[in-house]
Amino acid sequence: MKTLSERRSGEGLSEPRSGEGLSGPRSGTGLSEPGSRVGLSEPERVARLARAILSDVMLYHADEVQRGIEADDLFERLAPELEEAQLYFESRVEADVARELNAWNRALVDVLVYRSRHVRSRIW
């Protein structure tokens, strides 16, 4: 199974021409190239990134998320995937901004828990 980083890198996709698509910004834009530390500091972009990463985790591990909610062991069950996802998030966001906003923990609840509210569980 591919790691989150491999899925995020677009492995297996044809590379767009220079300055096009998701391959990265054109040079001279002041933005970082793909794979480098972006250092996001805008609160909404930081929150959006956290939600997007966790949406990928939920998409690729939907069965495990459901079983984790049912058994009340979601975070233990997905510990390796969540750790990898959090490391990716932290590599893209300025540390003090991530701490101040608590965006990762908010996204954990919003994406993994709230979106699974339909699952029968003893925790609710």
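Residue pairs whose Cβ atoms lie under 6 Å apart, sitting 6 or more positions apart in sequence or on different chains, and linking a residue in segment 37-63 that is touching a residue at least 40 places away in the same chain (Cβ under 8 Å) to a partner that is of a type in the set (Phe, Trp, Tyr) and surrounded by 13 or more Cβ atoms within 10 Å (Cβ to Cβ), are Ala50/Phe89; Ala50/Trp104; Ile53/Phe89. The criterion of at least 3 residues that are modelled with pLDDT of 95 or more, among the aliphatic types (A, V, I, L, M) and within 14 Å of the chain's Cα centre (by Cα) is met by the following helices (runs of 4 or more DSSP H) wholly inside segment 42-123: 43-60, 79-92.
The values are calculated or read from the model by the stated rules, or taken from the named source; none is laboratory data. These figures come from a predicted structure and were not determined experimentally. Using ideal geometry, Cβ is built from the backbone for each residue, glycine included, and neighbour counts are taken over all protein chains shown.
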